[in-house]
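Structure record follows, encoded as structure tokens.
The values are calculated or read from the model by the stated rules, or taken from the named source; none is laboratory data. Everything numeric in this text was worked out from a predicted model, so none of it was measured. As a convention, Cβ positions derive from the backbone with ideal geometry for all residues, glycine included, and neighbour counts pool all protein chains shown. Ligands, DNA and RNA are stripped out before the accessible areas are found, and what is left, the full protein with its side chains, is counted by its heavy atoms. Shrake-Rupley method; radii C 1.70, N 1.55, O 1.52, S 1.80 Å.
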Amino acid sequence: MTTPFWLFSVLFGISLPLSMGCRDESTTLRRIQSQRQIALQQATRQDHLGEVVSLLQQYVGLNEQKARQQITYHLNQWENEQTTGKADGATKTDGGGKMPEIASTLTDVIPAEQLDELINRSEFMTSDVPLLRDAYLFNRLLGWVDAPGRDDPLFTDWLNEMRKSPPGNLSEADVDRLQTATRLFDWTVRNIALEPDTGGFPPNMPRPNLPLGMEMQGPGYRQTDYQTLWRGIGDWQQRAGVFTQLCMQAGIPTAVLATQSEDTGQRTPWSVGALIGDQIYLFHPQLGLPIPGPEQVGIATLEQARKDASVMRRLDVAGFFDFPLSRTDIQQSIALLNVRAETISPRMKALQSNLTGDRRMTLWIDSADWAKRIDNVPGIAGVRIWLVPTLAEVYAATMDMMAERDPLFSFWYRSRFAVLESQESMGNNLANGRWRHLHGQFADDETEGQDGARTHYLEQRAPEFEIEDLRINVELQKQYGIRRGLGMQPEEYDRQLAQVQGFMRLGKRTATYWLALVQYDDGRYETATNWFAKRVLDEEQRSYWENSAIYNAARSEEAQGNVDAAIERLKTNDPVYGHGNRLRARLLSK
């Protein structure tokens, strides 16, 4: 029996839409299931960048080697997620083999092939972690230092006048950036105690063979920017490193300015310049002051220092100190950028662009833009990458290898900061207090159950009777982790006890000094003066913080309005602090 054509037509007309409708529903269902699966994957996907930041927040209490490995793992997992599903298979941070032009200035210390690898590789390695650690800590420091009430009183009125009527070449935003740079510089010179350019070294001590023309305890490179910040002490180039790192986090282009010999080509750093608008403002970490402008008002620009001979001449202190350069010596300067090879890498650029909100930090800079803008300033004869940060890494690696081989050298190299930096000290009060201090966490956080810097420092200050009792109190020895090994002679054990007592006293005196700095930054100027003058400078408590304590005691008196007392305290002839102290005293007396 055949089906009538009309019935076939009707049935076909009905069944076709029905079959198409089923197909449409199936497609929609698959799309919904796919969307749900993607949402579920996103919900269960680990927040790898969050893990990185969390590890950085806890860095001081972690085993450094393991922390580096974990951070690197999360960075590469994040990178893999970014590239999943890309049709061309290229990595998001692929540098394409292109080398930023300024990178070539590093080939004096890094072979070209290795330099290309440092910049253009897409994979993160453990050697990248120090850059993240430094950026994180400097960024957290910036967060509380750049705030109202933290200005150098010498320049407050001048900045206020500039804000009321900015010079024609500066915008209001430029004045804000200049104020930020001034705050960051002031914190640096108050908190990084100044040492001589070169350090001492025992004559009979074995010494490593340092590459790249470096010398033992040489200027600038004998510790990294992070070590300078962490230890709170360094020479003037290391101070410059801390200041420029802080400015980088604030988005302010800065450079170490150096003269260059026409005969040898040797570059000699002489100041730090901050690019504000189209002018470079001059800061002098060795003097602990911005270079004063004409008539000793405000902060001098490079243009003013090149045109007005009095700017440089008035850096002399008649009868006491002469500044080694004049106007004619600084007509041309080389600008040296404080960046590492990794700071100009595509992978750091990609990582930085994905750090938002509280996770933001500067990991990458547009080196071509910085170089062009700085080079456009009259008096700049070229822009290069500063070699000191790279030399500091090589120096540290060489010293660490020597310390592994030679116990005597190891003790000399590590003992000065052992109470702060040994693996056993990572959970101690001094290290934890310093970490909180640099985060601006001075007081206890009762909500989080977290002690602030002040509490940690106070607990580090063991009473003298306890330090003395260490020799005879076995329970106290156990408390401090001291054990007498089998077969150890009494004389050797006594010597070890004496060393530990020395570390305890150094830790106590460091905690006392840092407590005084906390009092200043907390606005407790009278208390700060007492701590500096009566505790840090106590005849029986002298340490390598002494000269910095004199300077900071004067700053505390100045902040209270006791200007005459501050001036008298600043009249020192110390070869490291004396020049800058007397210049400040002269400015205060105006």
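Within region 370-394, the set of residues being open to solvent by 60 Å² or more (accessible area, probe 1.4 Å) and either assigned to a helix (DSSP H, G or I) or without any contact (Cβ under 8 Å) to a residue 60 or more places away in the chain (or both) comprises LYS372, ARG373, ASP375, GLU393. A count restricted to region 164-180 and to residues that are over 13 Å from ALA250 (Cβ atoms) and either of a type in the set (A, V, I, L, M) or surrounded by fewer than 14 Cβ atoms within 10 Å (Cβ to Cβ) (or both) stands at 9. At least 2 residues being of a type in the set (D, E, K, R) is the threshold, and among the helices (runs of 4 or more DSSP H) wholly inside region 217-319 those reaching it are 225-231, 302-307. Only a single criterion out of (1) open to solvent by less than 40 Å² (accessible area, probe 1.4 Å); (2) farther than 23 Å from TRP412 by Cα is not satisfied by ILE467, namely (2). Which one is farthest from the chain's Cα centre (by Cα), of the residues in region 216-230 that are open to solvent by 20 Å² or more (accessible area, probe 1.4 Å) and more than 20 Å from ARG140 (Cβ to Cβ)? Checked region 216-230; the qualifying residue farthest from the chain's Cα centre (by Cα) is MET216. For region 80-115, taking the residues that are open to solvent by less than 60 Å² (accessible area, probe 1.4 Å) and modelled with pLDDT of 95 or more, the one that is nearest to ASP375 (Cα to Cα) is identified as ILE102.
Residue check: PRO166 meets all listed conditions (1) assigned to a loop (DSSP other than H, G, I, E, B); (2) modelled with pLDDT of 95 or more but one, namely (2). Looking across region 333-347, the residues that are out of contact with any helix residue (DSSP H, G or I) (no Cβ under 6 Å at 6 or more places or on another chain) and not in a helix (DSSP H, G or I) come down to SER333, ILE334, LEU336, LEU337, VAL339. Elements of the type helices (runs of 4 or more DSSP H) sitting completely within region 471-587 and holding at least 3 residues that are open to solvent by less than 40 Å² (accessible area, probe 1.4 Å) and touching a His at 6+ places or on another chain (Cβ under 8 Å): these cover 490-521. Of all the residues in region 231-269, those that are among the aromatic types (Phe, Trp, Tyr) and open to solvent by 10 Å² or more (accessible area, probe 1.4 Å) number 1.
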